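Single-structure report; data block below.
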Amino acid sequence: ERKQLRRLRREPSKTLDGVDIRLYANAESREDVAEAHALGAAGIGLYRTEFLFLQGREVPDEDAQFRAYRDLVLGMTGRTVTIRTLDIGADKADNSGLALRNEPNPALGLRGVRLSMARTGLLETQLRAIARASGYGPVRILVPMVSGREEVIAVRQLLTRVLKDLAREGQETAAQIALGAMIEVPSAAIALPTFARDLDFISIGTNDLVQYLLATDRNNDALGDLYSPLHPAVLRLVHSVVRVARARGMPASICGEIAGDARFTPLLLALGIEELSLHPSPLLEVRRAIRALDLGHLRARAPALLRARDRAGIERWLDAVQPVHA
Ligand code: PEP
Ligand code: MG
């Protein structure tokens, strides 16, 4: 079976009815990037930069960050690389001294884009390093923990200024860099129509979206099944986000853990998702599931999925559409 899966490295991620589902990889290390490339990922859909910041005792300077991003871009040989700006906060172990310690409510605190904007120079340095790496291959910038339009506008303004500054300094960059938001805070998901036009792409972060939408700590085992994407509120919200993006022709992916679980692939396709970003290890299993699914059939069953009244109903829908692998 492993051998059969490995054969899929060079096969397209195409549904039975011929629709290409783009599979991007989540990565945070050189090894992940090499594996994503070898498995035929369409690109990197989520590069988590916090690991650069958590490795050492010091905050990496512009040159150190630039070298890391440039190597990432070169490693993907022309496939698109999506670099997420720092998503650190008191919720992650942190030696860099950047995040406030002992915030009473770290998940709701100064994390992600909030921290990047609160610490003078942090975001600018990171944007400069990413922009310099964009001279070596296709790069997009993804902003975590966006809660509404203002943050996107602020990052866009800074990015525009950084590109101008670099041009004046004679540094080579791409002429434009696509800017996207993680949709993982419920306010951003609900209010997306108010700022979709300010974005070039979105990526739905179901790990945090589930946590915030269901008021269930993603790291608290005592909550058991309560922390689950199989909740009608999650499916309805993801569906509405995907519709807003599709209406604008804006690329939309899902990059939470759910994207790496082949059992959930039919559900995501039914909701309208055509781009997934997942850890490289389950990539071939998800590709195999895609190749055994009929997108038209799943879309026709989307209303039944959205009518499901509870987790058991969603599970029944899933059981009924699981592909059979030869
Ligand atoms: C998410 O929240 O779904 C996500 C992909 O980001 P992280 O797990 O890094 O918060
Ligand atoms: Mg997140």
Inset, instruction - Would you mind checking which residues have amide H under 5 Å from ALA178's amide H? H placed 1.01 Å from N; only 5 or more apart, or other chain. - result: ILE141
Inset, instruction - Report the relative contact order of the range 139-204, percent, no decimals, based on alpha-carbon pairs under 8 angstrom and at least 6 residues apart. - result: 48
Legend entry - Per-residue ³J(HN,Hα) for the range 43-49, Karplus 6.51 cos²θ - 1.76 cosθ + 1.60, θ = phi - 60°, Hz, x for Gly and Pro: x, 9, x, 7, 9, 7, 6
Inset, instruction - Tell me what the chain gives for mean residue ellipticity at 222 nm when only DSSP H runs of n ≥ 4 count, each as -39,500 (n - 2.57), the sum divided by the residue total, rounded to 500 deg cm²/dmol. - result: -12500 deg cm²/dmol
Inset, instruction - Please work out the Cα center distance from the range 245-296 to the range 64-87, rounded to the nearest Å. - result: 23
Inset, instruction - Quote the relative contact order of the range 261-326 in percent (integer), defining contacts as alpha-carbon pairs under 8 Å separated by 6+ residues. - result: 46
Inset, instruction - Subtract the Cα-Cα distance of ALA34 and ALA118 from 0.36 nm times their separation in residues, and report this length gain in nm to one decimal. - result: 26.8 nm
Legend entry - Using θ = phi - 60° and Karplus 6.51 cos²θ - 1.76 cosθ + 1.60, couplings along the range 55-63 (whole Hz; Gly, Pro as x): 4, x, 8, 10, 6, x, 7, 4, 5
Legend entry - Fraction in percent of alpha-carbon pairs per bin - 20 Å, the chain: 32, 59, 9
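Give me the percent relative contact order of the chain, please, defined on Cα pairs under 8 angstrom at least 6 residues apart.
Dividing the mean separation by the residue count of the chain yields 19 percent.
Quick check for me: using +1 on Lys/Arg Cβ and -1 on Asp/Glu Cβ, what's the dipole size of the chain about its Cα centre, in debye to the nearest 20?
920
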Inset, instruction - Once you've got the GNM for the chain with C-alpha springs shorter than 10 Å, pick whichever of LEU158, LEU166, LEU223 has the biggest mean-square fluctuation. - result: LEU223
Legend entry - the chain: most fluctuating residue of ALA154, ALA27, ALA247 per GNM, C-alpha cutoff 10 Å: ALA247
Legend entry - Karplus-derived 3J(HN,Hα), 6.51/-1.76/1.60, for each residue of the range 153-166, Hz, glycine and proline x: 4, 5, 5, 4, 4, 5, 4, 4, 5, 4, 5, 5, 4, 5
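None of the figures in this text is laboratory data; all of them are computed from the coordinates on show. Keep in mind that this is a model prediction, so the values were computed, not measured. Virtual Cβ from ideal backbone geometry, glycine too; neighbours counted across all protein chains shown.
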